[in-house]
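Below is one structure, written out as structure tokens; comments come after it.
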Amino acid sequence: MEVEPDEDRSQPEINDLAMRVRFSLKEGRIWLDSERVALMHVSTLSALRRELIECLGMDEARGLLSRMGYNSGSRDAVLARKLRPHHSTRDAFLVGPQLRAIQGTAALEPVHLDLDPATGRFSGEFTWHDSFEVDAHIAAYGLSNSPACWMHLGYICGYATGFMGRTITFREVECRAMGSACCRVIGRPIGQWNASEDDLRALQPDNGTRLLGARAEASRRQASPVCTILQATTEEADLVGTSVGFRSVCHMVEKVAQTEATVLLLGETGVGKEMFARMLHRRSRRTGKPFIAVNCAAIPEGLIESELFGVEKGSYTGASGSRPGRFERAAGGTLFLDEVGTLTMTAQIKLLRAIQQKEIERIGDTTIRHVDVRIVGATNADLEMAVDSGQFRADLLYRLNVFPIRIPPLRERRDDIPLLVEHFLQKFAAIHGKAVSGFTESAIGALYEYDYPGNIRELENLIERAVILVENGGMIDVAHLFSSGDRLSSLMMRLVNGELSQGATAELAPQPPGSQALPSPPSLLDNLLKNHPAPLQQVETELMQEAVARCKGNLSKAARLLGVTRPQLAYRLRKRQPV
Ligand code: ZN
């Protein structure tokens, strides 16, 4: 485009705005001045854009994204005057376009800008070169015959309108999505445009809601799985996550819940298999009926059959009365068999019959009872290997394995760690009546670094222990989280070699304030109240000794209390003997 002689493309320094972005890592917040913002992957936004187009059609998607941009522009308009109160009106207005650059959406260059909020005079022209919307549009649909920068256009409209206090609309007169070299928008007060209703159509929320409403019925079916999964995070208290791994498990559970298929949940200990089984039950047609959970490994071998199938009075087990087993108690509902791989051979045969013929017999009884129970099995063992070694029946495995769902370990869904941490922190702070102001930087680093062999249950335990140990109103540090010296030292080493230099090795006995938090709760509190730092080793020794004393010398009990294994405790006690 030819350059007009009077145009002014200059922009004020951007640093005053860049400094308004603050990372509050402990709380997992990013602030743009007083507005909380979030970093989001452009690829995620692009995927959302495409999904909206496919669900709602081009016009409705455009309206939705324009309004999203418009809303964002309005927010920034509030900031603009506040951030540059003593600048010229022009520089104050450029806060918006410059914030756009800071937000990473595009660098808006002013080509021409003439404005006077007092009289309502406005005339503006901006260009940008690398809108992600264009890239997303071209990638999905190729070159377009209409402009594609919906969010940007919405933004600049919302921003200018907010800034001027009257409706200013922009039109994208050139767009890279249409083959132009760059995108160009021109803005004027609404009254100065011909056929301005088109400009407003996409921006008016009422209109948009109506458009959406018309489509909502048609799209409800497609939209419902997503909605219900969002609900899952509140309904199924501890089922929290947004990672791809988590969401795909939710989708699988959602899909199979409506059927009568037998489900086998696979995954390491602590990944939340029972939680997903409960979710499956709740989403199934059996939701009003009982959900019975049995951990097959927790019931002694000799009792498992009577537990599952019930006993009849006078049977050889010496039962004095008849009682139903878990199968009968789950009538009409769901029976969750955790650690199903540990069932005895006889129990396996009976389970197979219950699944195949929907029949059971109580022990000591010859009456055949019909049972309508849906089986959800779970295992952390390799059942195929168990079949190979003759410990598990192949025919039972086929029956159970109709719809296997693998739940990934936490280390494969690290994206969910921040959410889970926040969730458990709130949960345990409420349970234990503690105010916790957050996590230190090294604690956050440690939580991200750690591999969680015990998965979500371990993370939950870590946070609960930390909430108990931390002083009221204080911040959770690494030492509150990892009271096992081994984990602590390996973690701290990694943190030191990595970027978080705040930590130190356990061998060096770090004494940063707040990390002297290892003794058992009463002495910990005492220590904290006195606020005298104690070397970590000494604190650890005290903690171990106190635990052993409390357990009257029973090392296994003391080890459990401390969250370590007995050999670990014994080893550490031996090592500390001369101290
Ligand atoms: Zn464009």
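The values are calculated or read from the model by the stated rules, or taken from the named source; none is laboratory data. The model shown is predicted, which means the values in this text are computed figures rather than measured ones. Cβ atoms come from the backbone with ideal geometry, glycine included; neighbour counts cover every protein chain shown. All accessible areas refer to the heavy atoms of the entire protein, side chains included, with ligands and DNA or RNA removed. Shrake-Rupley method; radii C 1.70, N 1.55, O 1.52, S 1.80 Å.
Can you tell me the FRET efficiency between L303 and R550 if r is taken as the Cβ-Cβ distance and R0 is 22 Å, rounded to the nearest 0.05?
On the way: r = 32 Å, r/R0 = 1.46.
Step by step, r from the Cβ atoms, then E = 0.10.
Across the range 330-343, computed HN-Hα scalar couplings (Karplus, 6.51 cos²θ - 1.76 cosθ + 1.60, θ = phi - 60°) run 8, 3, x, x, 10, 10, 9, 9, 7, 6, 5, x, 8, 5 Hz from first to last residue, x flagging Gly and Pro. Less than 5 angstrom separates the built amide H of L265 from those of G377, A378, T379, I405, all sequence-distant by 5 or more or on a different chain.
The distance between label points at K557 and D16 comes to 6.8 nm (points 7 Å beyond Cα on the Cα→Cβ vector). Say the cut-off is 19 Å between C-alpha atoms; which of K26/K82; K289/K358; K273/K358 go over it? Those over the limit are K26/K82; K273/K358. Considering only A386, Q356, V373, the residue lying farthest towards the positive end of the dipole of the range 340-419 is V373, judged by Cα position with unit charges set on Cβ.
Kindly report the accessible area of the range 4-117 per residue (heavy atoms of protein chains, probe 1.4 Å, no ligands, DNA or RNA), in Å².
Numbers: 6210 Å² over 114 residues.
Per-residue accessible area for the range 4-117 comes out at 54 Å².
Fully extending the segment from V78 to C182 would add 34.6 nm, taking 0.36 nm per residue of separation and subtracting the current Cα-Cα distance.
Once all protein chains are placed together, H41 keeps about 130 Å² accessible to a 1.4 angstrom probe. Projecting the Cα atoms of A139, A181, L52 onto the charge dipole of the range 15-220 (Cβ charges, centred on the Cα centre) puts L52 farthest toward the positive pole. In a fully extended conformation the segment linking V42 and H112 would gain 22.3 nm over its present Cα-Cα distance, using 0.36 nm per residue.
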